[in-house]
Amino acid sequence: MVAIWLDGRMRPSTAASVLVISARQVQRLLRRYRESGAGAIRHGLRGRPSNNRIDCGVRDYALAIVRETYADFGPTLAAEKLAERHGLTVSSETLRKWMIDDGLWKNRAQRRNFHPPRLRREHCGELVQIDGSDHRWFEDRSPACTLLVFIDDATGQLMQMRFVPSESTFSYFEALEGYLKDHGRPAAFYSDKHSIFRVSKTEARTGHGMTQFGRALAELNIEILCANSSQAKGRVERANRTLQDRLVKELRLAGISDRAEANAWLPTFIEQHNAHFARVPARPKNLHRPVNEPASRLRDILCWRDERYVGNNLTVSYERKRLILEDSDLARSAVGHYVETYAFADGRVDLRWKGVSLPYRMFDKDQQRVTHAAIADNKRLSEVLAYAMEMQKAAPPKMPRTGKQRTRYEPTGLRSPGPKSLLAKRAERRVAEAAAQAVE
């Protein structure tokens, strides 16, 4: 640039605007160029430490404190603690560079985990990945819902899909029933660590060590495996990402706006999708097994089963409701024992003792409400909120009692006997002594 200006092809003001410097700085650079050549244009501190550089002793002192006290802290939090507790002010970015150079911190690229690819299974039906995807499948035409996806690991085929309000045990029971009807029993299902598939607390003292869905699969002789990470079941995760793009647009083109109509249309979409994306398995043998259970037995498997104690007055407590058994010899024989409860998706509850259904009537017909202390899973939050709003519309609000609590004293209206007299105490002592002598 200076050479062009020397040749007279550019004015000093033009050179200054191009270099984004002042015209006087252009003159200084020109003077250095004439005196010492092109090398003089370089900055004078090039190759030398900056005048604003922090002393090496300060750096070593800061890293020593971080290494001793804040080894597991991030640079931002460590910088705050250095200034707050040690009076050492260092910017978080400077401390980040120091910690990276000293091996105390890894940047995001260094912390990245690489998951080795897993080969597909060789047989169809050997491993089926299952997952639920919460999304606005109908865009603004209908509320968001969940799509349950069953995909074969060997072929990448979509084996079963169903739109449901949210991920729940009964939702998976419904999808599993359709899967068994269309394909039979696979060797194993591969899922995440959702509480539907896996008991989170292995140290729990009650229960049978498996969930209701796991119990149903055990009765059907199907294994359930839980992935340790979302990358491990990447087949179904990538399918969800593809479906959130393609399926949403297909539903829009088909003019479908509700779950019932979409579930009836899904077999057509599955057939088209598999024809485009599915692949041939490595081995031709299909490992799906036929379902030999009759319809009544399959209905008893795909339900919520538990046990409840029968009290002396032929009552059973179930889901905050009191069920009263009809008086009979069979019901009387169940007193003091646990009867089996079968809860079905339509809300019907069946009580069975020794394999026989016990007729009953409900004492409290009020339905269970969502209380202020109810615990709702994140994936079921939309469904729980919708249910709560329906209950709010159906019944007026109840005004809770304020002020006196249950733990406070309730007056009985009886007079206090007052302190015992000396004669009463002497009489009690004599009775106690006589009882002791009688025992001896």
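Here V149 fits the description: assigned by TED's automatic domain parsing to the domain that holds N263 and closer than 22 Å to P290 by Cα.
Count of the range 393-434 residues, restricted to those that are at pLDDT below 70 and part of a helix (DSSP H, G or I), is 0. Would you check which residues across the range 280-327 are out of contact with any Leu (no Cβ under 9 Å at 6 or more places or on another chain), among the hydroxyl-bearing types (S, T, Y) and touching a residue at least 24 places away in the same chain (Cβ under 8 Å) and list them? The one that is out of contact with any Leu (no Cβ under 9 Å at 6 or more places or on another chain), among the hydroxyl-bearing types (S, T, Y) and touching a residue at least 24 places away in the same chain (Cβ under 8 Å): Y309. Note on the range 89-114: among residues that are modelled with pLDDT under 90 and of a type in the set (S, T, N, Q), the one that is surrounded by the most Cβ atoms within 10 Å (Cβ to Cβ) is N107.
R48 falls short of the stated requirement of being over 27 Å from V90 (Cα atoms) and loosely packed, with under 12 Cβ neighbours inside 10 Å. Just one residue in the set A264, A218, A254 is closer than 19 Å to S168 by Cα, surrounded by fewer than 18 Cβ atoms within 10 Å (Cβ to Cβ) and without any contact (Cβ under 8 Å) to a residue 24 or more places away in the chain; that residue is A218. Given (1) part of a loop (DSSP other than H, G, I, E, B); (2) surrounded by 22 or more Cβ atoms within 10 Å (Cβ to Cβ), identify the lone condition not met by R198. (2) is the only condition that R198 fails. Here R85, R59 are screened, and the one residue that is farther than 30 Å from R28 by Cα, surrounded by 16 or more Cβ atoms within 10 Å (Cβ to Cβ) and out of contact with any Ser or Thr (no Cβ under 8 Å at 6 or more places or on another chain) is R59.
Evaluating F269 against the criteria (1) buried (at least 17 other Cβ atoms within 10 Å of the Cβ); (2) under 25 Å from R348 (Cβ atoms) leaves one unmet condition, (2).
Determine if the range 231-238 includes at least one residue that is in a loop (DSSP other than H, G, I, E, B) and buried (at least 18 other Cβ atoms within 10 Å of the Cβ). Within the range 231-238, one or more residues are in a loop (DSSP other than H, G, I, E, B) and buried (at least 18 other Cβ atoms within 10 Å of the Cβ).
Contact annotation: residue pairs with Cβ atoms under 9 Å, 6 or more positions apart or on different chains, pairing a residue in the range 332-353 that is in a strand (DSSP E or B) with a partner that is of a type in the set (A, V, I, L, M) and surrounded by fewer than 16 Cβ atoms within 10 Å (Cβ to Cβ), are W353/L330. Residues being more than 30 Å from F213 (Cα to Cα), under 30 Å from the mean Cα position of the chain (by Cα) and in a loop (DSSP other than H, G, I, E, B) are represented in the range 73-81 by at least one member. The residue that is farthest from I41 (Cα to Cα), counting only those in the range 10-21 that are under 60 Å from the mean Cα position of the chain (by Cα) and outside any helix (DSSP H, G or I), is V20. Could you grab the pairs with beta carbons closer than 6 Å, sequence gap of 6+ or different chains, first residue in the range 232-246 and farther than 17 Å from F163 by Cβ, second one not in a helix (DSSP H, G or I)? Hits for this filter: K233/Q129; K233/Y190; K233/A227; R235/Q129; R235/I151; R235/D153; E237/S230.
Among the residues of the range 129-183, those identified as charged (D, E, K, R), outside any strand (DSSP E or B) and closer than 23 Å to I256 by Cα are R136, E139, D140, R141, E167, E174. Looking at the range 47-58, is at least one residue assigned to a helix (DSSP H, G or I) and at pLDDT below 85? No; the residues of the range 47-58 include none that is assigned to a helix (DSSP H, G or I) and at pLDDT below 85.
Okay, residues lined up against (1) among the hydroxyl-bearing types (S, T, Y); (2) free of Cβ contacts under 8 Å to residues at least 24 places away in the same chain:
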{"site": "A144", "(1), (2)": "no, no"}
{"site": "I151", "(1), (2)": "no, no"}
{"site": "G156", "(1), (2)": "no, no"}
{"site": "M159", "(1), (2)": "no, no"}
{"site": "S168", "(1), (2)": "yes, no"}
{"site": "Y172", "(1), (2)": "yes, no"}
{"site": "E177", "(1), (2)": "no, no"}
{"site": "D182", "(1), (2)": "no, yes"}
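The values are calculated or read from the model by the stated rules, or taken from the named source; none is laboratory data. No experiment lies behind these values; they were computed from the predicted model shown. With ideal geometry, Cβ positions are generated from the backbone for all residues, glycine too; neighbour counts draw on all protein chains shown.
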